[in-house]
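Have a look at the structure below, then the notes.
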Amino acid sequence: MRQAKKNFDFRKGAYYFNIKNGFNSAITIRRIEKEQAVETFKRYLKAKKECEWLGKWNGSEFVDSNFEKLVA
């Protein structure tokens, strides 16, 4: 999925994922705590939404970006 310019700054230490919303747009969801982020992401997957896990923002890039490895 192509990343569009976001109208906000990513918060360092927060977890992010995208929910596809329409043809070429996505909603970015932020959760501060890892457990909340994982549970919310799982709920969207269970609801059959098209989701993309981004990971934890460290100020310059996303880390913990492999969801399967994160929950293993």
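Since every read-out is calculated from the coordinates, none of them should be taken as a lab result. Here the structure is a predicted model, which means the values were calculated and not measured. FYI the Cβ positions are ideal-geometry reconstructions off the backbone, even for glycines, and counts take in every protein chain you see.
Couple of notes before you dig in:
- Averaging 1/r over every pair of different alpha carbons in region 15-58 and inverting the result gives a Kirkwood radius of 10.5 Å.
- Fully extending the segment from ASP64 to LYS12, taken as 0.36 nm per residue of separation minus the present Cα-Cα distance, adds 17.4 nm.
- Within the chain, longest stretch free of exposed chymotrypsin sites (Phe, Trp or Tyr not before Pro) [DSSP loop, at most 15 other beta carbons within 10 Å]: 24-72
- Given 14 as the ceiling on other Cβ atoms within 10 Å, longest exposed-site-free region of the chain for trypsin sites (Lys or Arg not before Pro) in DSSP loops: 13-47
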